[in-house]
RNA sequence: GGGCGCUUAGCUCAGUUGGCUAGAGCAACUCGUUUACACCGAGUAGGUCAGAGGUUCAAGUCCUCUAGCGCCCACCA
């Protein structure tokens, strides 16, 4: 027996050494596994973490879950491939970097785009390297030789190809539409990048000629020349559609036109409103229906434009009270309802109020694509774990709007488009990798929404359309990711998978919840309750952390992570260590094929039943139950009962019973290590190495069930 | 306004298609051992499974309602 067993298990001394052993074996690359060609492929694509900081507990959870699945399948004889990656995370990273610039007293608006891009690139690569090291510490058995970064040259090329293809297929169009504009970040955002926050704000009632109109945004009303009501509203029956009225407004007399439109809710306010098509989606739709002109009132920085006359240049929020003051003086304020509750959209990163703006952007037509995804799910080509997420997916696909994929930031994949007379009525555009003939063409300075590239991730990392991996490993098997991505990411991957690859990109979606603190509260820097997985690992060992993340963690629900729980599994590591010590120290080395006596055979039968049950849980994706079962059986059955009752048996003079029991315990240890390996890879491999196993030199690539001994 | 989920021992949570005399970890208490392990062992205590009604031979598990909590979505200005 190795002397190391005389001391408690020391993860700090072990883990790096074991990881290097695995990495040097080359077995993370499934093509190096024995008989790789005959093995059935099993693929997981890692959700590429944003390369802009340290790994957090959520990362540790997904790495653990995916590593468990991959190690399990590898041991089951699959050609198990786990493809790692890193996401440049466009807007996310740029925001992180802008904060850094701000601290240094700099601003991206004072930098050349190229300069900014290069700086963020360096910053991201550094973070990427750091993240990879941290993933290794967590035991990730992914194939680093296949690692991909969303800004790799080939990836960029493919993403642009997709855009061009979609344009040619008439699924992408250039449109002047209302976008969510963040005045601080100076970019448009998709709907999922905004958050609606409930707030109480005043609702103002103004006299508008013969009408009273209600609005929450008086500062947008300067240019309003159309007054709208529902066609069936009897109160306004006498006003005809198209009728013109002269009235006194904020900056003097104007001529307004009556419009009848069904978008108006007669129940709300007075049932009459004026429209500001440039700064409101509903108004925009009404204006389009009736062919009305639109005018920009608020500029890209959130300041009033010349139409506001004396208010020009003022920020909207500071202008508001001034405007109310003027309207009051003119006797145009009817009343103010101070308790008006509504939802206002804000930028999900800086909380700035989103200013709807009309802008030329690239849009993806979603209706037919979403329909395709919906059908695939209806046909059970994709299943969700837990299954209630299928409903959420459905809802999302049934209510999808066209997707704005243009972002006005440098950190991202450039949109391959060219313009002539950009921003004028004579604008022309060409979609192509290369500049069209003629000097007057300028390139699109916008970049793609991150989800446009990450939505294609399973295809991109397997080398769509002609890569070798694409034919072998696509479609992949499981997509394991956070439950918040059920509408941000999962649908887009299914859509691109079907559109480009003609197949769903994965058959199973496994969703995990958040990792919260010990009391179920969300971790945040400001609350000071952040648990760093790397710190925990250094204190208790990676195996302990992995168990703590997995046991009792039902799919789809949040987990409360208590350091005491991790400590408990550190104790378990040591228990396993000492089980090994006992068995190696007290049992004899016996032939593998020895016949067990009746008593021992029945215990072995129990072990086999245990193995079957754990396997069943794994097949059901009940990883939490498999882990708990393993813990319980190993400690409270094997250690507390079987080993205890073995002590006198092994001491007995009867050589046959002692030999049978020795064989039993050694087999049980062997099988226990196999079963625990996906969950606790480091300690199990360390023990395996010290046992100098002859036929299978490495536990990582050993078989899940020791078939020879189960005969 | 719509949707989803949760409510089980002091705390954090399991409980797969209804069969439970309801479990685990941590915490508590009692005793023990230091010859695999004190990062230990044996044991004790602790729950009307949120509440009410229903289906069933049988309900923590299915249905309805009520209360509380959480999350997500939403172009009524």
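Every read-out reported here was derived from the displayed coordinates using simple, explicitly stated rules and does not represent laboratory data. Since the structure is predicted, the reported quantities are computational estimates derived from the model, not experimental observations. Here the Cβ positions follow ideal geometry from the backbone for every residue, glycine too, while neighbour counts run over all protein chains shown.
Points worth noting:
- Fraction of the pair-distance distribution of region A:637-680 above 17 Å, Cα-Cα pairs, percent: 38 percent
- With R₀ set to 22 Å, the beta-carbon distance separating residue A:628 from residue A:558 gives a calculated FRET efficiency near 0.80.
- Measuring r between the beta carbons of residue A:16 and residue A:240 and using R0 = 51 Å, the FRET efficiency lands at 0.05.
- Scaled against the 2.2 N^0.38 Å expected of a compact globular protein of N residues, the Cα radius of gyration of region A:315-385 reads 2.02.
- Share of alpha-carbon pairs per 20 Å distance bin for chain A, given as whole %: 15, 40, 28, 13, 4, 0
- Kirkwood Rh and Cα Rg combined as Rg over Rh, evaluated for region A:433-474: 1.22
- FRET efficiency for residue A:695 and residue A:508, using Cβ-Cβ distance with R0 set to 30 Å, rounded to 0.05: 0.40
- Each residue of region A:163-294 gets 156 Å³ once the volume of the Cα convex hull is shared out per residue.
- Distance between the 7 Å Cα→Cβ label points at residue A:262 and residue A:191: 2.0 nm.
- Most to least packed among A:319-332, A:147-160 [average Cβ atoms within 10 Å]: A:147-160, A:319-332
- With the simple model of a label 7 Å out from the Cα in the direction of the Cβ, residue A:301 to residue A:328 spans 2.9 nm.
- Theoretical ellipticity at 222 nm over chain A - DSSP helices of four or more residues, -39500 (n - 2.57) apiece, nearest 500: -12500 deg cm²/dmol
- Potential lengthening between residue A:527 and residue A:367 on full extension [0.36 nm per residue; Cα-Cα distance subtracted]: 53.4 nm
- Pairwise Cα inverse-distance average, inverted: Kirkwood Rh of region A:603-711 (Å): 14.7 Å
- Translational diffusion of region A:481-638 was estimated from the Stokes-Einstein equation, with Rh taken as the Kirkwood radius over Cα pairs; at 10 °C and 1.306 mPa s the coefficient is 84 µm²/s.
- Convex hull of Cα atoms in region A:522-615, direction-averaged projection (nm²): 9.0 nm²
- With the highest mean first, a sort of the peptides A:470-479, A:197-206, A:295-304 on other beta-carbon atoms found within 10 angstrom per residue produces A:470-479, A:295-304, A:197-206.
- Residue A:2-residue A:606 pseudo-label distance in nm [points 7 Å out on the Cα-to-Cβ vector]: 2.9 nm
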